[in-house]
Amino acid sequence: MTASWRFSLSAAFLLSAAGALAAQELPPAGFGSLRQDQVAITLSTGNLTVRVLPLDERVIRLLAPDTYASLRELKRTRATDMAAAARNAMSDSASAFVVTFFGLQPETRFEPDQLYLSSQNSFLRPLGIVPLTPRWSEGTLGQREQAVAIYLFPSDLQILQPFSVLYGDLRSDAWETNLRTLDAERSRVLGRAAARQP
């Protein structure tokens, strides 16, 4: 079983065996305690904040149970849209992220196509974008307004390895630090799950 979502041409989505991840490497659900802000990658300008959150099961299962359930439901309800976006890019699989743009000033411009990832000396552009909020295409936010979308990147992205998030001239390497937070929480989750066993 893989923790990244694989989108099939014959089904809306499958939690499949793409990649080398074995089923036992997936942490048990319902035992996490992390907040989204402890996991998400954030970039900020004077007018805009960009937050990037992986939807990989190996990540979101380490979040608090209500947060995990909400993100799991988001993936389920948007699975058809994500599959269509991946298919349009001639791909049957993708790594999904929730990306949020927050306006800090009135009439803040944002450029959805300026968000990229850099991993293992490769520059990764989105395969597709699935908007979740109205007026996404307008590219403008009011103060304290947000625009949210699911971004699909190539499925060979190694989510448990360091990667960088780039938006325009901004770059964040915070994922390397976040991985240490995830590793520590994964150990705690396994301990909590073991303690629940009879």
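Read-outs: derived from the displayed coordinates by stated rules, not from any lab. What you see is a predicted model, and the numbers here were worked out from it, not measured in a lab. With ideal geometry, Cβ positions are generated from the backbone for all residues, glycine too; neighbour counts draw on all protein chains shown.
Among VAL189, VAL99, VAL52, whose Cα lies farthest out toward the positive end of the dipole of the chain, if unit charges sit on the beta carbon of Lys, Arg (+1) and Asp, Glu (-1)?
Selected residue: VAL189.
Over the range 104-198, what relative contact order in percent results from Cα pairs under 8 Å that are six or more residues apart?
It comes to 28 percent, rounded to a whole number.
Can you tell me, using C-alpha contacts under 8 Å and at least 6 residues apart, the relative contact order of the chain as a whole percent?
So the answer I get is 24 percent.
Helix 79-88 against the longest principal axis of the chain: what's the angle in degrees, Cα atoms only, rounded to the nearest 10?
Helix 79-88 sits roughly 60 degrees off the main axis of the chain.
Mind checking the full-extension length gain between LEU190 and ARG125? Use 0.36 nm per residue of separation minus the Cα-Cα distance, one decimal, nm.
20.0 nm
Rounding to the nearest 10 and keeping the result within 0 to 90°, find how far the Cα-based axis of helix 175-196 lies from the longest principal axis of the chain.
The helix 175-196 is inclined about 30 degrees to the chain.
Using +1 at the Cβ of each Lys and Arg and -1 at the Cβ of each Asp and Glu in the chain, identify which of THR140, TRP175, SER70 lies farthest towards the dipole's positive end.
Result: SER70.
What is the gain in length, in nm to one decimal, between GLN158 and ASP37 on full extension, counting 0.36 nm per residue of separation less the C-alpha to C-alpha distance?
41.5 nm
Pull out a ≥ b ≥ c, the square roots of the eigenvalues of the alpha-carbon gyration tensor of the range 94-198, then state rounded if a/c is under 1.5, prolate if not and a/b is larger than b/c, and oblate in the remaining case.
Prolate, since a/c reaches 1.5 and a/b exceeds b/c.
Suppose every Lys and Arg Cβ carries +1 and every Asp and Glu Cβ carries -1, with no other charges. What dipole size does the chain come out with about its Cα centre, to the nearest 20 debye?
The dipole magnitude comes to about 540 debye.
Testing the spin-label approximation: label points 7 Å from Cα along Cα→Cβ at GLN114 and THR133. State their distance in nm.
1.7
Relative to the present Cα-Cα distance, how much length would full extension add between ASN47 and ASN88 at 0.36 nm per residue of separation?
Length difference between fully extended and current span is 11.5 nm.
How big, on average over all directions, is the shadow cast by the Cα convex hull of the chain, in nm²?
Mean projected area of the Cα convex hull: 11.4 nm².
Could you list which residues have their amide H under 5 Å from that of SER33, counting only those 5 or more apart in sequence or on another chain, with H placed in the peptide plane?
Amide H to amide H, under 5 Å and 5 or more residues apart or across chains, SER33 pairs with ALA64.
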